[in-house]
Amino acid sequence: MSPPPRVIALDGPSGSGKSTVARAVARALGLAYVDTGATYRAATLAVLRAGLPPTESPAVTRAVRSADISLSVDPDAPSVRLDGRDVTAEIRGSEVTAAVSAVSAVPAVRATLVDLQRSLAAGGAVLEGRDIGTVVFPDAPVKVFLDADPAVRAARRAGDVDSGVDTTGDVVEAVAADLARRDRLDSSRVTSPLQAASDAVHLDSSALSAAEVVARVLDLAADAGFARVPA
Ligand code: DC
């Protein structure tokens with residue numbers, strides 16, 4: 001039997017706080033940080049750049065297979081390149097965000113990107129996503145499903161979109177509607193839906209600070225034998 005991968009799986013919906021937590025945990029344990037959502041976003045940008053509708057088709061599969069997607073897995077400086085160009089900011093734009101759930105529902109796209117995600121994590125990693133504990137690394141020694149109230153998630157995402165906005169107003173409502181739309185699509189797709197692994201530890205970050213969630217995940221990691229890097 002092969003040893004378990006040196007992997008921490010952090011799944012959950014948008015705005016649950018995964019990125020902040022995953023980066024801090026990776027830093028504390030000296031592991032790579034793999035943002036799997038960024039691979040789906042880069043693939044979606046490749047599809048849009050090819051002028052294709054974001055639905056299942058042989059052309060979409062070809063566009064994603066031939067795209068050169070690379071990630072920096074440094075938790076202090078994560079970045080994404082598509083065909084040699086830095087697209088770290090562009091993949092967070094509204095065009096990609098509107099199309100990413102549709103592209104990530106295509107099974108052949110998922111198969112291609114899961115291969116990439118596994119190779120990025122080969123030396124040990126914290127991976128954040130939707131299907132890490134169920135599909136990408138079902139034998140991960142630490143699995144966390146992070147969630148939060150929809151209203152809290154929307155307020156956090158609105159802050160990400162444009163910091164300094166009035167987080168009680170229309171912006172939050174628009175973000176909440178978009179999150180609800182993506183939650184619905186991501187949870188109802190046939191292939192690898194957003195779903196907690198049966199052996200994942202559930203954490204609700206609604207009333208916890210990021211530091212508190214990080215401390216909980218680091219406790220689980222210590223129990224599983226992960227060592228902290230000296231500060
Ligand atoms: O985490 P994010 O919002 O950047 O993810 C963008 C989209 O990618 C999200 O709507 C669903 C999809 N995704 C996925 O299907 N599987 C993953 N492991 C990560 C993200």
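Go over the candidates Arg184, Arg189, Arg156, Arg216 one by one and state the one that is surrounded by 15 or more Cβ atoms within 10 Å (Cβ to Cβ) and within 30 Å of Glu56 (Cα to Cα).
Values: Arg184 fails: surrounded by 15 or more Cβ atoms within 10 Å (Cβ to Cβ); Arg156 fails: within 30 Å of Glu56 (Cα to Cα); Arg216 fails: within 30 Å of Glu56 (Cα to Cα).
Within the list Arg184, Arg189, Arg156, Arg216, the selection yields Arg189.
Just give me the residues in region 21-56 being surrounded by fewer than 24 Cβ atoms within 10 Å (Cβ to Cβ), farther than 21 Å from Asp86 by Cβ and not acidic (Asp, Glu), in sequence order.
Result: Ala24, Arg27, Ala28, Leu29, Gly30, Gly51, Leu52, Pro53, Pro54, Thr55.
For Lys18, which of the numbered conditions (1) away from the ligand (no atom under 13 Å from the Cβ); (2) surrounded by 22 or more Cβ atoms within 10 Å (Cβ to Cβ); (3) of a type in the set (Lys, Arg) fails to hold?
With respect to (1) away from the ligand (no atom under 13 Å from the Cβ); (2) surrounded by 22 or more Cβ atoms within 10 Å (Cβ to Cβ); (3) of a type in the set (Lys, Arg), Lys18 is out only on (1).
Could you please let me know if Gly159 is at pLDDT 95 or above, closer than 25 Å to Ser187 by Cβ and not hydroxyl-bearing (Ser, Thr, Tyr)?
So Gly159 fails the test.
Among all residue pairs at least 6 apart or on different chains, which show Cβ distances below 9 Å where the first residue, located in region 120-143, is hydroxyl-bearing (Ser, Thr, Tyr) and the second is within 12 Å of the ligand (Cβ to nearest atom) and assigned to a loop (DSSP other than H, G, I, E, B)?
Thr134/Ser192; Thr134/Pro193; Thr134/Gln195
Output yes when any residue across region 30-40 is among the acidic types (Asp, Glu) and touching a Pro at 6+ places or on another chain (Cβ under 8 Å), and no when none is. Spell out the reasoning first.
Initial filter on region 30-40 (among the acidic types (Asp, Glu)): 35.
Filter again for touching a Pro at 6+ places or on another chain (Cβ under 8 Å), leaving 35.
Yes, the conditions are met somewhere in region 30-40.
Taking only pairs six or more apart or across chains, which ones have beta-carbon atoms under 9 Å, a first residue in region 203-231 that is closer than 13 Å to Lys143 by Cα, and a second residue that is outside any loop (DSSP other than H, G, I, E, B) and at pLDDT below 95?
Leu203/Asp147
Which ones in region 21-53 are over 11 Å from the mean Cα position of the chain (by Cα) and not aliphatic (A, V, I, L, M)?
Restricting attention to region 21-53, the residues satisfying the condition of being over 11 Å from the mean Cα position of the chain (by Cα) are 21, 23-32, 42-53.
Across region 21-53, the qualifying residues are Arg23, Arg27, Gly30, Thr44, Arg49, Gly51, Pro53.
In this structure, is Ala9 touching a strand residue (DSSP E or B) at 6+ places or on another chain (Cβ under 6 Å), under 30 Å from Pro141 (Cβ atoms), within 13 Å of the ligand (Cβ to nearest atom) and touching a residue at least 12 places away in the same chain (Cβ under 8 Å)? Please lay out each step first, then the result.
Details: touching a strand residue (DSSP E or B) at 6+ places or on another chain (Cβ under 6 Å): yes; under 30 Å from Pro141 (Cβ atoms): yes; within 13 Å of the ligand (Cβ to nearest atom): yes; touching a residue at least 12 places away in the same chain (Cβ under 8 Å): yes.
For Ala9, the condition - touching a strand residue (DSSP E or B) at 6+ places or on another chain (Cβ under 6 Å), under 30 Å from Pro141 (Cβ atoms), within 13 Å of the ligand (Cβ to nearest atom) and touching a residue at least 12 places away in the same chain (Cβ under 8 Å) - is met.
Look at Pro230 and say whether it is farther than 30 Å from Glu95 by Cβ and either crowded, with 21+ Cβ neighbours inside 10 Å or at pLDDT 95 or above (or both). Write out each step before concluding.
Values: farther than 30 Å from Glu95 by Cβ: yes; either crowded, with 21+ Cβ neighbours inside 10 Å or at pLDDT 95 or above (or both): no.
No, not satisfied.
The values are calculated or read from the model by the stated rules, or taken from the named source; none is laboratory data. Given the structure is predicted, the values throughout are model-derived calculations rather than measurements. All Cβ positions, even for glycine, are placed from backbone atoms using ideal geometry, and neighbour counts span all protein chains on display.
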